[in-house]
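Any read-out appearing in this document is the output of simple, stated calculations on the displayed coordinates, not a laboratory observation. Not measured: the values here are computed from a predicted model. Here Cβ is always computed from backbone atoms with ideal geometry, including for glycine, and neighbour counts include all displayed protein chains.
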């Protein structure tokens, strides 16, 4: 991740030198629950008269969506871009994070003069349903019981997330989005938007994603969930009642997942076999290697901002995702006669969503006659490349949106 | 089938607009009717697609090289990374009004199958290719005794992506064989100028540096 060295000081004392991988708690429980129920974001509240119809058959009601906006909606409401966040992202795309204090997670992409230029476009990003940064999820209070939902929260899907976003967009008075943009799980949402609401999406930028979750990815997610559930503090999902949180399990889940976001080449380049603050091995299970220290940091910093049950629900939502399955197994049917302009981007070293997944999507879009651009970006930075400063990728995103903007009759972004 | 019967005049397209544009691109663009939906197979840096889009044509592209694709997408063109030999089969029948194969046929593994695919997914196909029967080619092989290289085809035999060279005569024979109708045929000299029509075919095959053909399915115009 960019800046993690500066943030932690790779060679300083941030990494615990003890054998324990148990992270230090720096965020107070009250602080977390405050973001869950009363986020420092805009809030759309949907009462009992506006339930969210979930794929599992449950009507979720009442519920709320926390969202951030950047830039200004133009007079004819034609310049709105919905950014969809990835598995462990949130709505804080381009502002300081209220919990971690870190910069927004996509400031390479969103901001003045960036590809998603906030001086031209109205950018919306909402926390997904099932998330833990203010939109209703398993960490929220169940109005019926007055207690934290926990595992009583219904199973949600990517289409459910998108359905909730569509209700938010309705409430904002926007009929057609100029674009839906997202990477990874955010890309899945962007694709789901085009399949569910083709007339409401003028352009879709789907990055490092797929139209379905592969067996290998489901396997990785199951590994993460089992790590959470194996933590005694998880307590069958009822940890919130006791003021506990399965930090250790969630940190292990994050560490395992984080490996899949990188690549062998990137890990080798960044860490190799270099030692952490020492010249010789300690002949112990300390974090002798820099890569171990880095992973431990990734795990421990993650649990400070993320809810364990939310992690279970959101990974599950990705596992269930399969656009073709909703169209008799024929992917092209999902995009039949679609007018949306697509741009699909993959990265050479992404082994979570490798290029053939994107290519299958492109073939389906071609078969349905959609206007699609597809570029594979050469990089060794793995799946996470979409979050990083990869100029070739950012140039393509910018050009795609500019040309779509011309077709939409928007003024060109000032550069 | 003799080519002269198929050929139509060009109305000076090349000389009027031929500033920095490739001669065959201008000729191809002139063959496409406005408002048509076009697939450019092997679209390179997207120069032809840009000409087509400026003429109000809905253009899409396939390009093999990643650099080419990324240049195109960065120009806002609808281009996907793909291979003419393997990816054309993914397109449905009649998906396009025209499918263009510009200076790419000779680089495909299976030119015949590619050509058949062009006319399956497009109602018409426009194919341009370097003529290996061009006199300079012949001379280099005959007198020099080495594989020909020209300004337009500068690669050495061991580096060239062009694995299936043909002459204009060969191409016409292939079209006859797979029952393709030639609606229009043009041979361009080394300056990109179309050769005069009333010349015998062997003259085209000798003095045309490249051939540009507008093709359609024979059964549709019986």
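In table form, for the structure just shown:
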| item | result |
| --- | --- |
| Percent RCO, i.e. relative contact order, over chain A, from Cα pairs under 8 Å lying at least 6 residues apart | 19 |
| The range B:143-211 - Rg (one decimal) and Dmax (whole number), Cα, Å | 13.8, 38 |
| Rounded, prolate or oblate (a/c below 1.5 giving rounded, otherwise prolate when a/b exceeds b/c) for the range A:198-342 by Cα gyration tensor | oblate |
| Cα gyration tensor, the range B:38-102 - rounded (a/c under 1.5), prolate or oblate | oblate |
| Gain on full stretching of the segment that runs from residue A:61 to residue A:74 - 0.36 nm per residue minus C-alpha separation | 1.5 nm |
| Label zone at residue B:93, where the point sits 7 Å out along the Cα-to-Cβ direction: the range B:113-153 residues whose backbone N lies under 20 Å | B:113-126 |
| Gyration tensor (alpha-carbon) shape descriptor, the protein assembly as shown, a/c threshold 1.5 | prolate |
| Pair residue A:143, residue A:339: separation of 7 Å Cα→Cβ label points (nm) | 3.7 |
| Inter-label distance, nm, simple model (7 Å from Cα along the C-beta direction), residue A:330/residue A:199 | 2.3 |
| Diffusion constant of the range A:35-98 at 20 °C, which comes from Stokes-Einstein with the Kirkwood Cα-pair radius and 1.002 mPa s, µm²/s | 152 |
| Gaussian network model of chain A, Cα within-10 Å springs - most flexible of A:95, A:142, A:74 | A:74 |
| Length released on extending from residue B:218 to residue B:113, taking residue separation times 0.36 nm less the Cα-Cα span | 36.2 nm |
| Theoretical ellipticity at 222 nm over the protein assembly as shown - DSSP helices of four or more residues, -39500 (n - 2.57) apiece, nearest 500 | -9500 deg cm²/dmol |
| Within the range A:62-89, backbone nitrogen closer than 19 Å to the virtual label 7 Å beyond the Cα of residue A:53 toward Cβ | A:62-64 |
